[in-house]
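Below you'll find the structure, written out as structure tokens, and then a few comments.
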Amino acid sequence: MTSSLFTSRLSRRNFLLGSTAVGITLGAGCGEKTPLSTSDALNNSSLPSVVDWRITRWGSDPWSQGSYSYIPAGSSSRLRVDLARSTDGRRFMAGEATDSDFPATVNGAVRSGFRAAEEVLETRGVDSCIVVGAGASGLATASRLQEEGCEVTVLEGRSRIGGRAWTDNLQGTPVDLGGSWFHGVDTHVLTPRAKELNIELIPTNYENWVLFDFDGERMNTSRLNRLYDLVYDSVIGKSSTDAMGPLLSSIRENLTSEEQRWFDYVVVSEIEHWYAGHVDDLAMVTAYEGALSRGGDAVPATGYGPFMEDLANGLDVRLSTKVTEVSHNSSGVTVVTDNESFEAASVVVTLPLGVLQSKTVKFSPELSHSQQVAVDGLGMGLMNKVVLEFEEPFWDINKDLISYIPTNRGHFVEWYNAMSWTGKPILVGFNTADSAATIETWSDASTLEASLEVLSKMKF
């Protein structure tokens, strides 16, 4: 971001913390028109052959249960502060949902971990600590504590580190299936480390884009300028907790049918792809989160993976260790897993908001009233990706962003040209909010078919 979502179109985040595992799960889809095999879906396309692919389903991932947090209508960012409060100097909280300055980003997750570590050190000194979760926030917490001489054990339910900052690979090429961007390079806590690790940060120019209408014909992007202005002007200065949706709907009613279709695209790409929630669910004040970001957006050429490995270097990380209970008293803390229990002077809980909302981990004593209100009051958004590597590119490789305006509020309206940072013919398609939730119910074959159908309509 630059100052806020609506100060500049260059500030579009389109995250994934996503970004945001995900895994490739084949299975029966919900409401599919035609049951296909994966090979049929790929072979029926008129496009060049797909040589590798990934589909994320963060909503059904038991270790995240969503992508990243947002402020829902009727709530405020104060909830993040409440969630971050420590309990009795023994139980501390971290994670992107607890960061008020850079929420919903890897930057916010790492910063929250460093913040929690400082709280532990100030309260308990360099005594022992258990960190629940080996995502970006958990690794940052543990790394900082261990630097200061604290005895740290990290417990992670997954079989890998990184959490929602997950770098997989296609044919040997690193691709991020969760968080992908450095949003605000100048204010990203890991930017100095990128230089030390010799990792190139490749800028993204959101204005370097191509737009296609429903019939596949290329559109002049300036035709949408009035609609962008309507969306921006409707939100700027309205720092209320009211939902964005009703106001935007009232604006939409006064547009022509063609403009309504374009307007829907602007709302989806500029708001829902930002916050991973439907506009009816998002509070106006949401637009001001992340206002401190500076320096534009960039993608690490290696993905976030090396940063997670760097944070994890030398740590005692117990993978495939599911935490079921976290308890504490005046003497210390006990963390119970599916196999054994661990004791320490303090604990830092970095569980994603979606997991906290599911109440699959028992807390004793329970979360404070304000913390529970925060857990219940914050929203857990959903953003999913379809990553496709083709035999050869068929798109304009000089464009950063490829957009498509469907006849109805549809799926796969934004694609990123990953050739700019991978050097390979890879496209990354995004779906958020309701679209992401719907597509999660589809099989891989149906998801691939739908994505390729959209791409095949575009007349490059």
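Of all residues in the range 61-95, which are part of a loop (DSSP other than H, G, I, E, B), among the polar types (S, T, N, Q) and touching a Lys or Arg at 6+ places or on another chain (Cβ under 9 Å)?
Ser64, Ser67
Could you tell me whether Ser49 is modelled with pLDDT of 50 or more and within 27 Å of Ala165 (Cα to Cα)?
no
Here's a check for you: in the range 60-74, which residue that is over 11 Å from the mean Cα position of the chain (by Cα) and not β-branched (Val, Ile, Thr) is farthest from Asn431 (Cα to Cα)?
So the residue we want is Gly74.
Run Thr153 past the list (1) of a type in the set (S, T, N, Q); (2) assigned by TED's automatic domain parsing to the domain that holds Ala276; (3) not in a loop (DSSP other than H, G, I, E, B) and report the number of the one that doesn't hold.
(2)
Taking Gly332, is it closer than 22 Å to Tyr70 by Cβ, modelled with pLDDT of 95 or more and surrounded by 14 or more Cβ atoms within 10 Å (Cβ to Cβ)?
In short, no.
Just a yes or no: is a residue in the range 316-323 polar (S, T, N, Q), surrounded by 18 or more Cβ atoms within 10 Å (Cβ to Cβ) and out of contact with any helix residue (DSSP H, G or I) (no Cβ under 6 Å at 6 or more places or on another chain)?
yes
Is it true that some residue in the range 182-189 is buried (at least 18 other Cβ atoms within 10 Å of the Cβ) and acidic (Asp, Glu)?
Within the range 182-189, not a single residue is buried (at least 18 other Cβ atoms within 10 Å of the Cβ) and acidic (Asp, Glu).
Within the range 427-436, does at least one residue satisfy the condition of being in the same structural domain as Glu259 (by TED's automatic domain parsing), among the β-branched types (Val, Ile, Thr) and not in a helix (DSSP H, G or I)?
So far as the range 427-436 goes, yes, one or more of its residues are in the same structural domain as Glu259 (by TED's automatic domain parsing), among the β-branched types (Val, Ile, Thr) and not in a helix (DSSP H, G or I).
So if I check each of Glu196, Glu200, Glu207, Glu217, which one is farther than 30 Å from Arg115 by Cβ, modelled with pLDDT of 95 or more, surrounded by fewer than 18 Cβ atoms within 10 Å (Cβ to Cβ) and of a type outside the set (Val, Ile, Thr)?
None of the other options fit; the residue is Glu217.
Could you please let me know if Trp53 is in the same structural domain as Val454 (by TED's automatic domain parsing), assigned to a strand (DSSP E or B), within 22 Å of the chain's Cα centre (by Cα) and not small (Gly, Ala, Ser)?
Here the answer is yes, as Trp53 does meet what is asked.
Can you find a residue in the range 403-417 that is surrounded by fewer than 20 Cβ atoms within 10 Å (Cβ to Cβ), out of contact with any Asp or Glu (no Cβ under 9 Å at 6 or more places or on another chain) and at pLDDT 95 or above?
Looking for residues that are surrounded by fewer than 20 Cβ atoms within 10 Å (Cβ to Cβ), out of contact with any Asp or Glu (no Cβ under 9 Å at 6 or more places or on another chain) and at pLDDT 95 or above, one finds none in the range 403-417, hence no.
From the set of residues in the range 335-359 that are of a type outside the set (A, V, I, L, M, F, W, C) and in contact with a strand residue (DSSP E or B) (Cβ under 7 Å, 6 or more places away or on another chain), which is surrounded by the most Cβ atoms within 10 Å (Cβ to Cβ)?
Ranking the candidates gives Thr350 first.
When the residues of the range 211-264 are narrowed to those that are assigned to a loop (DSSP other than H, G, I, E, B) and in contact with a strand residue (DSSP E or B) (Cβ under 6 Å, 6 or more places away or on another chain), which ends up nearest to Ala73 (Cα to Cα)?
So the residue we want is Thr241.
Scan the range 387-431 for residues that are more than 20 Å from Asp52 (Cβ to Cβ) and not charged (D, E, K, R) and jot them down.
Residues satisfying the conditions are Asn398, Leu401, Ser403, Tyr404, Ile405, Pro406, Thr407, Asn408, Gly410, His411, Val413.
Determine if the range 132-148 includes at least one residue that is in contact with a His (Cβ under 9 Å, 6 or more places away or on another chain), surrounded by 24 or more Cβ atoms within 10 Å (Cβ to Cβ) and not charged (D, E, K, R).
No, the range 132-148 contains no residue that is in contact with a His (Cβ under 9 Å, 6 or more places away or on another chain), surrounded by 24 or more Cβ atoms within 10 Å (Cβ to Cβ) and not charged (D, E, K, R).
How many residues, within the range 301-312, are surrounded by fewer than 21 Cβ atoms within 10 Å (Cβ to Cβ) and either in contact with a helix residue (DSSP H, G or I) (Cβ under 8 Å, 6 or more places away or on another chain) or farther than 30 Å from Lys424 by Cβ (or both)?
Residues in the range 301-312 being surrounded by fewer than 21 Cβ atoms within 10 Å (Cβ to Cβ) and either in contact with a helix residue (DSSP H, G or I) (Cβ under 8 Å, 6 or more places away or on another chain) or farther than 30 Å from Lys424 by Cβ (or both): 3 in total.
Of all residues in the range 182-209, which are touching a Lys or Arg at 6+ places or on another chain (Cβ under 7 Å) and assigned to a loop (DSSP other than H, G, I, E, B)?
Selection gives Gly184, Val189, Tyr206, Glu207, Asn208.
So Thr98 passes all but one of these: (1) more than 29 Å from Asn329 (Cβ to Cβ); (2) of a type in the set (Val, Ile, Thr); (3) under 16 Å from the mean Cα position of the chain (by Cα). Which condition number does it fail?
The single condition Thr98 does not satisfy is (1).
Show the residue pairs that are 6+ apart or on different chains and have beta-carbon atoms under 8 Å apart, the first residue being within the range 302-323 and modelled with pLDDT of 95 or more, the second being of a type in the set (Lys, Arg).
Qualifying pairs under 8 Å: Phe307/Arg193; Asp310/Arg193; Leu319/Arg158; Leu319/Arg160; Ser320/Arg158.
The values are calculated or read from the model by the stated rules, or taken from the named source; none is laboratory data. This one's a predicted model, so the numbers in the text were calculated from it and none came from an experiment. Note that each Cβ is placed from the backbone with ideal geometry, even for glycine, and that neighbours are counted across all protein chains shown.
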